[in-house]
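Q: First the structure, which I've put down as structure tokens, then a few questions once you've had a look.
The values are calculated or read from the model by the stated rules, or taken from the named source; none is laboratory data. Everything numeric in this text was worked out from a predicted model, so none of it was measured. Cβ: placed from backbone, ideal geometry, glycine included. Neighbour counts: every protein chain shown. Heavy atoms of the whole protein, side chains included, go into the accessibility calculation; ligands, DNA and RNA do not. Shrake-Rupley method; radii C 1.70, N 1.55, O 1.52, S 1.80 Å.
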Amino acid sequence: GILIEKFIKTLNEKYDIVVTNMPYSQTTEYGSLYDIPTKNGDSICVQHCIKAIDKTAENGRLAIVVPEGFLFRKDLAKTRKYLLEKCELQSIISLPTGVFLPYTGVKTNVVYLKKVNKKSTKNHYWNFDVKNDGYSLDNNRRKIDGENDLEKYLSNRNPEATSKKETLNVGFDIISIDDVIKNDYILVGSQYKNIHNHDNIKFKLAKLKDVVKVLSGFPFSSQNFSTTEGFPIIRIRDIKTNKTDTKFNGEYKSEYVVKNGDLIIGMDGDFNHILWEGGDALLNQRICKIYDYQNCLKEYIFHIIRKPLKLIWDNTPYTTVKHISIKQILDITIPLPPIEVQQEIVNKLKKNQKIIDDAKRKIDELEQKNKIEISEIWGD
């Protein structure tokens, strides 16, 4: 009873500024006392800090260190929505993995909020990605000589005070709140960076969703997987090898059959995209098939999305296993030249690839031809 009374008392204590570090991955029995009832300690911590700011404070401020998962986990989307409704999100500072070693290797971010408990009309926030905090990212945390990213941030920590161009040149990214709302309130800045520079492209641009359709694989029951009988089924690991040794002996719809030449993308684990050449096989879960091409060639799409897919993969946050979504794939922007230009590009790439393959084959032949047999009498 005394502990509960003390806890409830803290709900009534009000401050102008709160600076804290979240107690990661905890649960609580007091979630019912908050606007979003939950046992999740990460959510309750954020709600508690917001409630701790005095509503009469003209500019109540909150800075909180959160694990990366708080910014994108689906079960915390309501909490992120609540945060944006209750506060003005000024900036998120992404810290490198290892910044809190040897205590934890969890990747973290600093969320900085202004005008807490005031209605915000701001339509963006600033994201700053710290790669070098001035110390080695290992258990020793040795000091590194030279300028680091934290110094850059601290000298420009009020991005509204300078011109937008100067702020962006320092390393800040400006993130649209509307884009965040449309994306399940995910606050990971790398998901919104303009990572594709199309300024010098003379052809019109198009979203992938405007020129193709995507079919997501079906979660076939693993109980029906076999190595001897049934219809071949593509698993994530098969995306790299272009062949499958697993079969499915249950019922399936013909729409999930992948044929030679189909463009497929693995969306987690062994991420890759290939033009399938492993014979008729079933499209399994976490793999998608690109089809129904409009004003574009399949081979052109295969080549043009290679870099955007890698950038998406590199910038996708994760806790245990990394996943990319159909939406991320469909939102890729590509230049769309006339079909004849696309064909010319594909032909040149094929020609270049043939030169590379021939060179590799000649190297292999030379290595075999000049291979030196090691004699036992030479010793180790």
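Q: Would you compute, from DSSP H runs of 4+ residues alone, the mean residue ellipticity of the chain at 222 nm, taking -39500 (n - 2.57) per run and dividing by the full residue count, rounded to the nearest 500? Don't skip to the answer; put the middle values down first.
A: Details: 11 runs with 108 residues, N = 380.
So the helix-based figure for the chain works out to -8500 deg cm²/dmol.
Q: Mind listing which chymotrypsin sites (Phe, Trp or Tyr not before Pro) in the range 100-162 are in a DSSP loop and have 11 or fewer other Cβ atoms within 10 Å? Kindly include the intermediate steps, with their values, before the conclusion.
A: Numbers: sites: PHE100, TYR103, TYR112, TYR125, TRP126, PHE128, TYR135, TYR153; in loops: PHE100, TYR103.
Sparse-neighbourhood loop chymotrypsin sites (Phe, Trp or Tyr not before Pro): TYR103.
Q: Looking only at the chain, where both bridge partners belong to it, what percent of the DSSP beta bridges are antiparallel (to the nearest 5)? Mind dumping the intermediate values first?
A: Numbers: 41 of 54 bridges.
Given both bridge residues lie in the chain, the antiparallel proportion sits at roughly 75 percent.
Q: What ranking of TRP313, TRP276 comes out by heavy-atom accessible area, probe 1.4 Å, highest first?
A: Numbers: TRP313 40, TRP276 0 Å².
Of TRP313, TRP276, the descending order of accessible area is TRP313, TRP276.
Q: How far, in degrees from 0 to 90, does helix 77-86 lean away from the longest principal axis of the Cα atoms of the chain, to the nearest 10?
A: Taking Cα atoms only, the helix is inclined about 40 degrees.
Q: OK, next. In whole Hz, what ³J(HN,Hα) sequence does the range 42-47 give by Karplus (6.51, -1.76, 1.60; θ = phi - 60°), x for Gly and Pro?
A: These are the phi-based 3J(HN,Hα) values: 4, 5, 5, 4, 5, 4 Hz.
Q: How much of the calculated P(r) for the range 55-146 lies past 18 Å, in percent of all Cα pairs? Working shown, then result.
A: Working: 2202 of 4186 pairs.
Counting pairs separated by more than 18 Å, the tail of P(r) holds 53 percent.
Q: Could you pull out the trypsin sites (Lys or Arg not before Pro) across the range 220-254 that fall in loop regions by DSSP (anything but H, G, I, E, B) with no more than 14 other Cβ atoms inside 10 Å? The partial results should precede the final answer.
A: On the way: sites: ARG235, ARG237, LYS240, LYS243, LYS247, LYS253; in loops: ARG235, ARG237, LYS243, LYS253.
The qualifying sites are ARG237, LYS243, LYS253.
Q: Which of LYS369, LYS114, LYS78 moves most in a GNM of the chain, Cα contacts under 10 Å?
A: Residue with maximal mean-square fluctuation among LYS369, LYS114, LYS78: LYS369.
Q: Okay, moving on. On the protein heavy atoms, probe 1.4 angstrom, tell me the percent of accessible surface of the chain carried by carbon and sulfur. List each step's numbers first, then the result.
A: Numbers: 11320 of 22530 Å².
That share works out to 50 percent.
Q: Taking the alpha carbon gyration tensor of the range 220-348, what are the square roots of 5 times its eigenvalues, largest first, to the nearest whole Å?
A: 27, 19, 12
Q: Can you sort ASP280, ASP245 by 1.4 Å-probe accessible area, starting with the largest?
A: Listed by decreasing accessible area, they come as ASP245, ASP280.
Q: Let me ask something else about it. Under a 10 Å cutoff between Cα atoms, tell me which one of LYS143, LYS51, LYS115 has the largest fluctuation in the Gaussian network model of the chain.
A: Most flexible of the set in this elastic network: LYS143.
Q: Let me ask something additional. Using only the heavy atoms of the protein chains and a 1.4 Å probe, how would SER221, SER25 rank by accessible area, largest first? Before the final figure, lay out the partial values.
A: On the way: SER221 50, SER25 100 Å².
So the residues, ranked largest to smallest area, are SER25, SER221.
Q: Separate question: Please determine, in degrees from 0 to 90 and to the nearest 10, the orientation of helix 2-11 with respect to the longest principal axis defined by the Cα atoms of the chain, where the helix direction is its Cα long axis.
A: 80 degrees
Q: Return the loop-located GluC sites (Glu not before Pro) in the range 179-284 (DSSP other than H, G, I, E, B) with at most 12 other Cβ atoms within 10 Å of their own Cβ; answer none if there are none. Mind showing how you got there, number by number?
A: Numbers: sites: GLU229, GLU251, GLU255, GLU277; in loops: GLU229, GLU251, GLU277.
Those satisfying the criteria are GLU229, GLU251, GLU277.
Q: Here are labelled values, [x] 28.3; [y] 18.9; [z] 30.1, and one is the computed mean projected area of the Cα convex hull in nm² for what I pasted. Which one?
A: [z]
Q: Using the C-alpha gyration tensor of the range 19-104, what are the square roots of 5 times its eigenvalues, in whole angstrom, with the largest one first?
A: Details: eigenvalues 86, 60, 31 Å².
Equivalent-ellipsoid dimensions as semi-axes: 21, 17, 12 Å.
Q: Taking the Cα centre of the chain as origin and charging only Cβ (+1 Lys, Arg; -1 Asp, Glu), how large is the dipole, in debye to the nearest 20? Provide the component values of the computation, followed by the final result.
A: Numbers: 58 positive and 51 negative charges, 192 e Å.
Taking the Cα centre of the chain as origin, the dipole is about 920 debye.
Q: Given a 10 angstrom Cα cut-off, can you work out which residue in ALA52, ALA281, ALA359 is the most mobile in a GNM of the chain?
A: Largest GNM mean-square fluctuation: ALA359.
Q: To continue, here is another question. Could you order peptides 206-214, 82-90 by the average number of other Cβ atoms within 10 Å of their residues, highest first?
A: Working: 206-214: 16.3, 82-90: 20.1.
For the peptides 206-214, 82-90, the packing ranking is 82-90, 206-214.
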